[in-house]
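Enquirer: Sharing a structure below in structure tokens format, with a few things to ask.
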Amino acid sequence: MLSISDLMVEVGGKPILKGINLDIAAGEVHAIMGPNGSGKSTLANVLAGREGYDVMRGSVTYGDHDLLALAPEERAREGVFLAFQYPVEIPGVTNVYLIKEAVNAQRKHRGESELDAIDFLKLVRQKLQLVEMKEEFLHRPVNHGFSGGEKKRNEIFQMAMIEPRLAILDETDSGLDIDALKVVASGVNAMRQGDRSILLVTHYQRLLDYIEPDHVHVLANGRFVKSGDKHLARELEEHGYGWLEEQADSGAGQSAA
Amino acid sequence: MTAQAVVDYLAAQQRLEPELPAPDLPWLVELRDGGVERLRVAGFPSLRDEDWRYTNVQSLLKKPFEMGSIGQCDVDAAFVSRTAIPSLECHRVVVVNGIPIPHLSDATLVPDGIRVSSLADLLVSDPGRLEPYLGKNLVPDPHGFTAMNSAFLGNGLVVEIAPGQVFDKPLEIIFVASAATESTMAQPRNLVVAGKGSRLQVLARYVAIGAQETLTNVVTEVIVDADAHLTLYQLQEESKNSFHIGGLFAKLRRGSRFDAFAITLAGGLVRNDLRVDLDGAGAEVNLRGLYLARGRQHIDNHTQIFHNEPGCISHEHYKGVLDDRARAVFHGRIVVQPDAQKTVSEQSNQNLLLSRDAEIDTKPQLEIYADDVKCAHGATVGQLDKEALFYLRSRGIAEETAKRLLIKAFANDVLLAVSPDSLRDHLLTRVEMMLAD
């Protein structure tokens with residue numbers, strides 16, 4: 001489904017990702033962990049198409065597409081979804097309006113007709129339940145005045161409505177208390193299925209107690225320094241990132257020599 | 001240029017004067033002469049005038065505008081029904097080149113308690129009703145254009161609301177600038193008197209018809225008597241061939257409320273002067289403005305609020321969206337006089353610039369001469385929020401659609417206070433249409 005090859009990315013002339021390789025098959029859940037500043041969020045943003053990231057080398061193939069050649073909205077219509085680390089407040093645009101536009105943009109792209117009002121509302125109610133959100137959220141401006149937890153739930157709600165093929169969750173767990181974390185996790189788990197891949201970006205192992213990944217990768221200093229299964233997350237929890245970062249630094253020295 | 005224009009317009013006034021209504025009415029003659037004299041002495045404003053620093057009227061003064069009539073006017077019932085706002089229930093009056101047109105209006109359907117009259121008729125039939133008010137809100141004329149309006153004083157519309165009368169249906173006035181064969185001007189003088197404790201919404205729409213250029217030099221005087229509540233929507237939808245110089249001068253008495261909306265969606269050169277005098281304790285004024293401009297449009301909003309008595313409230317909130325090489329000016333002056341203790345005043349001007357070549361000159365100006373007041377003001381100029389744009393695009397919404405959505409969201413909050421719903425929907429649709437093409 002997604003194949004990242006030798007990806008090098010700079011921000012403002014500073015190298016952030018220094019040669020990333022990653023393959024995600026359909027139905028798999030991958031977790032990317034790493035300390036602050038390791039490049040985790042950069043990877044999530046580059047995949048979604050945010051401006052301000054310069055791809056210096058490498059490629060990203062998504063299905064049959066050269067993902068990097070697509071505009072952000074084209075990626076979204078092809079099924080890429082980014083749950084934002086910091087969901088944006090948009091006063092003056094209601095949640096329900098955004099979701100309707102988003103869902104219909106997908107449907108139109110797939111050559112389907114727009115959902116009629118009744119079907120749309122039915123779907124909305126069902127998905128709201130999934131993340132335990134009240135219907136009044138629909139009519140509030142997008143994320144405007146939402147608490148941190150409400151914002152994150154709103155991201156998962158949108159994801160559930162849009163039903164992406166590749167969902168990228170950028171630190172969706174940050175700033176959540178344990179109850180909110182469980183709600184978000186169960187929302188994500190409900191979406192796991194054979195043709196949907198999920199990429200979790202997180203600093204803490206905590207989220208992975210509730211969403212069990214198939215693969216865990218550790219990113220440090222712009223490189224993957226270790227990959228493994230869910231047990232790797234436990235190891236990180238116990239030993240921290242220090243030992244892996246040292247490994248990354250000495251590794252960098254070796255390849256340069 | 002300015003000097004020649006003054007000479008030409010004064011000559012035109014002299015030719016026309018004998019035909020103006022009630023040419024022998026002493027107080028009226030005095031009013032007209034005062035305008036003539038003021039125009040002769042002060043001339044038209046130029047960039048050297050502080051209040052006109054950013055608005056150049058040379059292009060307007062270069063053109064010979066003929067005083068409009070309704071002779072070969074192409075405004076008919078079909079035009080009116082085309083122009084009408086869908087599903088807005090209202091009482092409608094149509095004014096062409098400053099002259100009210102009875103057969104296009106449903107003035108007979110206007111309920112008792114509202115009197116809608118032609119200024120020209122009333123000056124002849126019952127001038128006593130006008131004498132206490134006419135010209136009293138703008139002594140002296142603030143600049144050459146209002147002076148010219150006073151010099152040509154004759155046409156326009158008078159709305160009188162009887163004390164204690166409350167109306168739900170708005171009164172819609174469609175001012176048509178019609179210029180079929182030559183550049184045409186209209187100089188309407190309107191008067192709205194809201195009697196004690198009355199309540200009415202007035203929708204004043206300015207539209208244009210015909211291929212030639214139009215100049216609307218309109219002055220509207222408003223008196224809101226004690227405890228009355230008047231809402232005035234001013235909606236400018238003229239064409240890019242239109243020059244619009246609008247003056248609104250309102251006096252508010254004790255405990256009254258005046259809500260005024262200045263919504264500018266079209267017009268090549270638009271200058272709105274708005275002055276509100278809070279003359280009675282506890283009076284409240286709410287001013288809201290929205291201007292959308294593109295191409296080489298120029299829109300200047302010049303507002304003044306005078307807190308003359310204690311315990312009055314003023315809210316002023318103007319927003320603008322400028323694209324291409326459009327230019328806008330906002331000057332908001334608030335004066336709190338020494339006696340106006342316990343004043344509450346709040347003002348903001350927010351602007352969205354969509355192009356590098358667009359320009360806004362914004363100048364909030366607070367002058368406070370009392371010590372127990374609560375005043376706040378601020379101005380912002382910005383571009384579209386890149387984060388919000390990316391957020392929308394990441395949900396599959398096309399860039400252009402996302403931009404329109406954000407602009408609309410920015411503009412719409414000025415319109416949220418508009419009622420009835422059918423009028424608000426019309427305005428929201430108009431904003432959307434402007435953004436779409």
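The values are calculated or read from the model by the stated rules, or taken from the named source; none is laboratory data. All figures in this text were calculated on a predicted structure; none of them were measured in a lab. Here Cβ is always computed from backbone atoms with ideal geometry, including for glycine, and neighbour counts include all displayed protein chains.
Enquirer: Give B:137, B:97 a once-over and let me know the one that is over 21 Å from residue B:20 (Cα atoms), in the same structural domain as residue B:36 (by TED's automatic domain parsing) and among the polar types (S, T, N, Q).
Expert: That would be B:137, the only listed residue that is over 21 Å from residue B:20 (Cα atoms), in the same structural domain as residue B:36 (by TED's automatic domain parsing) and among the polar types (S, T, N, Q).
Enquirer: Anything in segment B:109-132 that is touching a strand residue (DSSP E or B) at 6+ places or on another chain (Cβ under 6 Å) and part of a loop (DSSP other than H, G, I, E, B)? List them, or say none.
Expert: The answer is B:110, and nothing else.
Enquirer: Sticking with this one: Can you say whether residue A:209 is away from chain B (no Cβ under 14 Å), of a type in the set (Asp, Glu), without any contact (Cβ under 8 Å) to a residue 60 or more places away in the chain and under 26 Å from residue A:231 (Cα atoms), as far as the supplied structure shows?
Expert: Answer is yes for this residue.
One line per residue, one yes/no per condition, for (1) away from chain A (no Cβ under 11 Å); (2) over 18 Å from residue B:234 (Cβ atoms):
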| position | (1), (2) |
| --- | --- |
| B:386 | no, yes |
| B:391 | no, yes |
| B:399 | no, yes |
| B:407 | no, yes |
| B:411 | no, no |
| B:415 | no, no |
| B:418 | yes, no |
| B:427 | yes, no |
| B:431 | yes, no |
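Enquirer: What pairs can you find where one residue is in segment A:158-174 and among the aliphatic types (A, V, I, L, M), the other is surrounded by 24 or more Cβ atoms within 10 Å (Cβ to Cβ) and assigned to a loop (DSSP other than H, G, I, E, B), and their Cβ atoms are less than 8 Å apart, with a gap of 6+ or different chains?
Expert: Note: pairs meeting the criteria are A:160/A:131; A:162/B:395; A:162/B:396.
Every residue, every condition in (1) closer than 30 Å to residue A:106 by Cα; (2) in contact with a strand residue (DSSP E or B) (Cβ under 7 Å, 6 or more places away or on another chain); (3) free of Cβ contacts under 8 Å to residues at least 12 places away in the same chain, yes or no:
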| residue | (1), (2), (3) |
| --- | --- |
| B:340 | no, yes, no |
| B:346 | no, yes, no |
| B:350 | no, yes, no |
| B:370 | no, yes, no |
| B:380 | no, yes, no |
| B:395 | yes, no, yes |
| B:400 | yes, no, yes |
| B:420 | no, no, no |
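Enquirer: With the condition being not assigned by TED's automatic domain parsing to the domain that holds residue B:239, I'd like the strands (runs of 3 or more DSSP E) fully within segment B:165-224 carrying at least 3 qualifying residues.
Expert: Filter on segment B:165-224 gives an empty set.
Enquirer: Of all residues in segment A:74-102, which are within 19 Å of residue A:197 (Cα to Cα) and within 11 Å of another protein chain (Cβ to nearest Cβ)?
Expert: Listed by number, the residues that qualify are A:74, A:75, A:76, A:77, A:78, A:79, A:80, A:81, A:82, A:83, A:84.
Enquirer: Something else: Looking for whichever is among the hydroxyl-bearing types (Ser, Thr, Tyr), over 18 Å from residue B:149 (Cβ atoms) and assigned to a helix (DSSP H, G or I) here; the options are B:87, B:59, B:46. Which one fits?
Expert: B:59
Enquirer: Restricting to segment B:325-365, count the residues that are among the small types (Gly, Ala, Ser) and at pLDDT below 95.
Expert: Summing the residues that are among the small types (Gly, Ala, Ser) and at pLDDT below 95 in segment B:325-365 gives 1.
Enquirer: When only residues in segment A:29-41 that are surrounded by fewer than 22 Cβ atoms within 10 Å (Cβ to Cβ) and modelled with pLDDT under 95 count, which is farthest from the other protein chains (Cβ to nearest Cβ)?
Expert: Out of the qualifying residues, it is A:35.
Enquirer: For residue B:315, indicate whether it is touching a residue at least 40 places away in the same chain (Cβ under 8 Å) and more than 14 Å from chain A (Cβ to nearest Cβ).
Expert: So residue B:315 does not fit the description; no.
Enquirer: From (1) crowded, with 16+ Cβ neighbours inside 10 Å; (2) at pLDDT 80 or above, pick out the condition that doesn't hold for residue A:190.
Expert: (1)
Enquirer: Of all helices (runs of 4 or more DSSP H) completely enclosed by segment A:66-160, which ones contain at least 1 residues that are of a type in the set (Phe, Trp, Tyr)?
Expert: A:95-109, A:117-130
Enquirer: Hey, another quick one. Within segment A:30-60, track down each residue that is farther than 14 Å from residue A:227 by Cβ, outside any helix (DSSP H, G or I) and of a type in the set (A, V, I, L, M, F, W, C).
Expert: Correct list: A:55, A:56, A:60.
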